[in-house]
Amino acid sequence: MVKLTINHKSFEVEDGITIMEACEQANMPVPSLCYLKDLNEIGACRVCVVEVIGMERLVTACNNPVWNGMEILTNSPKVREARKTNVDLILSQHDCFCPTCIRNGNCKLQKIAFSLGIHQAGYQRDITTTPWPKDIPLIRDSGKCIKCMRCIQICDKVQSLHIWDVAKTGSRTTVSVSENRNILEAPCSFCGQCVTHCPTGALSARDDKEQLFAYDAPIADPDKVVVVSIAPAVRTAWAEESGLPREAATPGKLVAALRQMGFQYVFDTNYAADLTIMEEGSEFLERLSHKEDFDYPLFTSCCPGWVRFLKSQYPELTTCLSTAKSPQQMQGTIIKTYFAKVAGIQPENIYHVSIMPCMAKKAEADIPTINDSGAGKDVDLVLTTRELIRQCRSMNIDFSSLEEEEFDSPLGTGTGAGVIFGATGGVMEAALRSCYYLVTGKNADADAFKEIRGMDGWRESSIDINNTTIKTAVVNGLGNARKLIEALLKGEVQYDFVEVMACPGGCVGGGGQPIHLDEEETEDRREYLYSLDQNAPLRFSHENPEIQKTYEDFLEKPLSHLAHELLHTDHTA
Ligand code: HC1
Ligand code: SF4
């Protein structure tokens, strides 16, 4: 332990921690722009400077350790003046037209500039912008980049993709796509982790709301039936900025909000998550009993960031991907075939919107070979949770006065197994619950496979079903996926079934979720999903009555000819 003072108050803290951590523990936090714990501790923005008595120069708090007897001042006039100058210099190279910025009100730079009392720019503007394609899910506005390097680090260290790099030198230093590539040539997974870690509006997800809500768009077209589906992880995060406690922001209130927005049918992607389990679980059992006929292990295929990663980094392993489409795409195909038939609507007149915690889902919906309904795109438009929140705001929806409403049927019932898809390990656990039933004819306890749960980046388990041991692995974050694949290729590990989610924590931490400037919300969101599962009246995908009816009336059985035609893909496009 070391003894030190912070702003004249004495503290005892652990040896080896940084000044930033010590100040945080003392409840005297130091502001920062570029700092990301364990990932970006480079002091690039110089906003975290503090004064240490006896030292001539100010020091950066994020990457300097404490020592015994240290006297730290976090807010002396010298510190405040230096911070102000540093932020002012950053502002001189930043496009400060805040009202139209996607991060207005949720921008670290805006917040810090305001808190330092910078109300007038002190330096001459020098802003450079570079062109960026408008039709991909990842949008970059170089005029807003503050060169904090967070995107570089997140993409390198967490996602192992090295899409960004530093370019040029000196005052012309900037961040750009690495190796002088155009973003269209780079193997970006569109996971959106660089977006959720960008402190300003330099990186964002493409905003597609107007395609639906403009005055001449489908929502205003009397000939269109506009339907919406909500992904599992959206329900954990949609009200985070509303002030409603998470428990009060129920899925039923989200349904009510969507009806107010003009959607004629509100469906639950959890239905298709259950359908995915029926198809993917059956596929897994088939592969397990004919190992010699298949490439092994079986990889889950519901996360489009992961699928893009595998196709670009290890194309030879694409045959290990489950052929089952993702729940988003199954939902889309079933809406424009089965639902259209049941409701007596021409499939061409249905406009299907999917609300996702994910940016890569926008690209998934565009894959030509994934659209099988014969009525255009199966998912016409993908909006992220953030777009949903912005639209609610622009329509002045008052979250606190919403009354619970039911999802529409069919495609409105999901089980607890479906809802946990949104958290890392959820797909595997849901699949095992139903695989156990399919093999033994009876249910295991719904929590029998809970050892799969957890936030570890790479978690393995051995599960016994009817005296057959199934070796599973669950990974989240593409860097962990790369490590697992390398170990598989070297023969160091062997698995039967592997779940991969591109984003840390799974979809709850997705690139389309609300952005919190100073803290991560993933753990809370995950716990909420598990509480929904715990309290769900049905916790097994095979017990979902709407799924049972869909098979009875339409698909016949899992892996039937029609199911193959509509719900599976070979991932070749
Ligand atoms: Fe996900 Fe999925 S869980 S991929 O994380 O399999 O995005 O929530 O919708 O499709 O159901 C995302 C979430 C989501 C799909 C499902
Ligand atoms: Fe890297 Fe993901 Fe950002 Fe693409 S979207 S640049 S893969 S962090």
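The values are calculated or read from the model by the stated rules, or taken from the named source; none is laboratory data. Remember, it's a predicted structure, so these values are computed and weren't measured experimentally. Ideal geometry is used to build each Cβ from the backbone, glycine not excepted, and the neighbour counts take in all protein chains shown. Just the protein is used for accessible areas: all its heavy atoms, side chains included, with ligands, DNA and RNA removed. Shrake-Rupley method; radii C 1.70, N 1.55, O 1.52, S 1.80 Å.
Data overview
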quantity: Residue count, segment 392-413 (criterion: open to solvent by less than 10 Å² (accessible area, probe 1.4 Å) and more than 23 Å from residue 349 (Cα to Cα)); calculated: 1
quantity: Which numbered condition residue 99 misses (of (1) out of contact with any helix residue (DSSP H, G or I) (no Cβ under 7 Å at 6 or more places or on another chain); (2) farther than 17 Å from residue 40 by Cα; (3) in a loop (DSSP other than H, G, I, E, B)); calculated: (3)
quantity: Selection count, segment 344-374, where residues are of a type in the set (Gly, Ala, Ser), surrounded by fewer than 24 Cβ atoms within 10 Å (Cβ to Cβ) and in contact (Cβ under 8 Å) with a residue 60 or more places away in the chain; calculated: 2
quantity: Members of segment 335-353 found to be of a type in the set (D, E, K, R) and farther than 18 Å from residue 266 by Cβ, listed by number; calculated: 341, 348
quantity: Inter-residue pairs, beta-carbon under 7 Å, first in contact (Cβ under 8 Å) with a residue 12 or more places away in the chain and in segment 67-91, second among the basic types (Lys, Arg) and open to solvent by 40 Å² or more (accessible area, probe 1.4 Å), 6+ apart; calculated: 68/3; 69/3; 86/46
quantity: Residue among 54, 117, 105 that is open to solvent by 80 Å² or more (accessible area, probe 1.4 Å) and either part of a helix (DSSP H, G or I) or out of contact with any Cys (no Cβ under 7 Å at 6 or more places or on another chain) (or both); calculated: 54
quantity: Residue in segment 296-306 that is within 16 Å of ligand 2 (Cβ to nearest atom) and either over 20 Å from residue 567 (Cβ atoms) or not in a helix (DSSP H, G or I) (or both) present; calculated: yes
quantity: Set 156, 165: member being within 10 Å of ligand 2 (Cβ to nearest atom), surrounded by 13 or more Cβ atoms within 10 Å (Cβ to Cβ) and among the charged types (D, E, K, R); calculated: 156
quantity: Among (1) in contact (Cβ under 8 Å) with a residue 40 or more places away in the chain; (2) charged (D, E, K, R); (3) out of contact with any Lys or Arg (no Cβ under 9 Å at 6 or more places or on another chain); (4) more than 16 Å from ligand 2 (Cβ to nearest atom), the one test that residue 140 misses; calculated: (4)
quantity: Selection from segment 441-479 of residues that are open to solvent by 40 Å² or more (accessible area, probe 1.4 Å) and assigned to a helix (DSSP H, G or I); calculated: 450, 451
quantity: Of residues in segment 317-343 being open to solvent by less than 10 Å² (accessible area, probe 1.4 Å), among the β-branched types (Val, Ile, Thr) and closer than 20 Å to residue 281 by Cα, the one nearest to ligand 2 (Cβ to nearest atom); calculated: 333
quantity: Residue list for segment 57-84, filter: open to solvent by 20 Å² or more (accessible area, probe 1.4 Å) and either of a type in the set (Gly, Ala, Ser) or assigned to a helix (DSSP H, G or I) (or both); calculated: 69, 77, 78, 80, 81, 82, 84
quantity: Whichever residue in segment 206-234 is under 30 Å from residue 310 (Cα atoms) and assigned to a loop (DSSP other than H, G, I, E, B) and, among such residues, is nearest to ligand 2 (Cβ to nearest atom); calculated: 206
quantity: Tally, over segment 507-551, of residues that are open to solvent by 20 Å² or more (accessible area, probe 1.4 Å), closer than 30 Å to residue 194 by Cβ and part of a loop (DSSP other than H, G, I, E, B); calculated: 6
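Yes or no, residue by residue, for (1) open to solvent by less than 40 Å² (accessible area, probe 1.4 Å); (2) not polar (S, T, N, Q):
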site: 169; (1), (2): no, no
site: 173; (1), (2): yes, no
site: 177; (1), (2): yes, yes
site: 183; (1), (2): yes, yes
